[in-house]
Amino acid sequence: MNGNEFDPENCPFLVVKIGSALLVNPDGSVRREWLEKLVAELGQRHRAGQQIIIVSSGAIALGSRKLGFEKGGRATLSEAQASASVGQIILSSLWAELLASEGIIAAQMLLTLNDLENRRSYLNISATFRRLRRNHVVPVVNENDSVTTQEIRFGDNDRLAARVAQAAGADGVVLLSDIDGLYDRHPAHPDAEIIAEVPKVDGEIEAMADDGGPSSGMGSGGMASKLEAARIANMAGISLAIISGIEDSPLTRFAKGGPGTWFHPQEEQSARKVWLGGLLSGDGQIFLDDGAVRALRDGNSLLAVGVVLIKGEFQRGDVVDILDKDGVIVARGLAEYKSADAQRIIGKNSDEIEAILGHSPRSSLVHRDHMAML
């Protein structure tokens, strides 16, 4: 174990995410020498029995160079989609070639937000990962930026890596970044200090995130997205570390005590709750009073009496976000009522609901068995 008590070297099943700024030079060319050394690290671990999934950015950056687009191919949505479609071939060929040099069979998986937000497709993806794992194949995953739009995309591969780890049943995630980890203030500040361990991602930790975007300008994930990735992974009982990938052999460097931030895994919840907690948004919003929030945190179901406001349209079985009166999300779950009926019983006691709706009510708006606390 290293000083951070999370050792990716001894993690049985590891997801490694590589950002665009690490894989691609500012001129759009591949940092091939660096990448070859990283693949050598991964190859050594693979031969030792470690299962690995790679989440790799870089398609847009590589494609934009090929097409001669300015601004890294991100000037418009159509340029980003075109760049991704060209760059993904380059990226997948590169990974297949380098992994083959280590005796590893590579697989390509392009995923969208909808693929992992839909329960059925999420389970199908999980099954694919299990099969590839049995055959000792290393999947290389990226968001399918050639078809996604702003409304239906992850927008960064940090959160994608965490969701992939959930779906695959991985034990750990390493986000290779162009920064050493989470700092207690902006890293450029002379007194900034790296935070070695984070027991739980809470409001105080989120306030430390500098969401000005990546320093390279090529990627899309700032520190806020990395903290969200940590929250998603940790609630599934998965460790996550943010470490610098700028230097050679970054995984070995971290394992030997190099700098980084380790986010502690939480007590693992049921598979359904893990999926719910990892969703990026719900179909509607239910706002609660303080007493209802306390009741949820004590392990109770959500009752109509504690609801102060409902927004959006949803059906029974749809995913809803559950927020406190200040708009902070506290939970996510499956609605027991459609929004039109839920609107009619806001603030009502359970014994009043049948007279209002004209039928025997269900016991709660969201049952605790179908709800994940965030």
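Of the options Ile53, Val173, Ala192, report the single residue whose Cα projects farthest towards the positive end of the charge dipole of the chain (beta-carbon charges: Lys, Arg +1; Asp, Glu -1).
Looking along the dipole axis, the top candidate is Ile53.
At q = 0.07, 0.08, 0.12 Å⁻¹, work out log10 I(q)/I(0) for the chain with the Debye formula, treating every Cα as an identical point scatterer and leaving solvent out; two decimals please.
Results for the chain at q = 0.07, 0.08, 0.12 Å⁻¹ read -0.33, -0.43, -0.91.
Give me the 1.4 Å probe accessible area per residue for the chain, excluding ligands and nucleic acids, in Å².
Value for the chain: 44 Å² per residue.
Using the Cα gyration tensor of region 33-177, with a ≥ b ≥ c the square roots of its eigenvalues, what is the shape: rounded (a/c below 1.5), prolate (a/b larger than b/c) or oblate (neither)?
Details: a/c = 2.13, a/b = 1.24, b/c = 1.71.
Verdict is oblate for region 33-177.
State the percentage of accessible surface on region 1-107 attributable to carbon and sulfur atoms; use a 1.4 Å probe and exclude ligands, DNA and RNA.
Ligands and nucleic acids excluded, carbon and sulfur give 51 percent.
Using a 1.4 Å probe over the heavy atoms of the protein chains, calculate the carbon and sulfur portion of the accessible area of region 112-210 as a whole percent.
C and S fraction of accessible area: 46 percent.
Is there a quick way to get the dipole size of region 13-273? I mean about its Cα centre, with the Cβ of Lys and Arg at +1 and of Asp and Glu at -1; what is the value in debye to the nearest 20? List each step's numbers first, then the result.
On the way: 27 positive and 32 negative charges, 241 e Å.
Taking the Cα centre of region 13-273 as origin, the dipole is about 1160 debye.
Taking the chain as the reference, fit the longest principal axis to its C-alpha atoms, fit the long axis of helix 77-100 to the helix C-alpha atoms, and give the angle between the two in degrees, 0 to 90, nearest 10.
60 degrees
I'd like to compare 333-344, 183-194: which one has the highest average count of other Cβ atoms within 10 Å, and what's the full order after that?
Result, highest mean first: 333-344, 183-194.
For n ≥ 4 DSSP H runs only, could you compute -39500 (n - 2.57) per run for the chain, divide by its residues and tell me the 222 nm figure to the nearest 500?
So the helix-based figure for the chain works out to -11000 deg cm²/dmol.
If you roll a 1.4 angstrom probe over the protein chains with everything in place, what fraction of the accessible area of region 282-373 belongs to carbon and sulfur, to the nearest %?
C and S atoms contribute 43 percent here.
Of the cross-linked pairs Lys37/Lys66; Lys71/Lys311; Lys17/Lys338, which ones have a Cα-Cα span greater than 27 Å in the structure shown? Could you put the intermediate results ahead of the total?
Details: Lys37/Lys66 25 Å; Lys71/Lys311 38 Å; Lys17/Lys338 39 Å.
Check vs 27 Å cut-off fails for Lys71/Lys311; Lys17/Lys338.
Over the Cα atoms of region 282-373, each weighted equally, I'd like the Debye log10 I(q)/I(0) at q = 0.11, 0.19, 0.23 Å⁻¹, rounded to two decimals.
-0.24, -0.76, -1.16
Applying 1/(1 + (r/R0)^6) with R0 = 30 Å to the Cβ-Cβ distance of Ile356 and Glu268, what FRET efficiency is obtained, to the nearest 0.05? List each step's numbers first, then the result.
On the way: r = 39 Å, r/R0 = 1.30.
Efficiency at R0 = 30 Å is approximately 0.15.
Could you order peptides 254-264, 118-128, 167-177 by the average number of other Cβ atoms within 10 Å of their residues, highest first?
For the peptides 254-264, 118-128, 167-177, the packing ranking is 167-177, 254-264, 118-128.
The values are calculated or read from the model by the stated rules, or taken from the named source; none is laboratory data. As the structure is a prediction and not an experimental result, all values here were calculated from the model. In this analysis, Cβ positions are derived from the backbone assuming ideal geometry, glycine residues included, and neighbour counts consider all displayed protein chains. Each accessible area value is taken on the protein alone, full model and side chains, heavy atoms only, with ligands, DNA and RNA left out. Shrake-Rupley method; radii C 1.70, N 1.55, O 1.52, S 1.80 Å.
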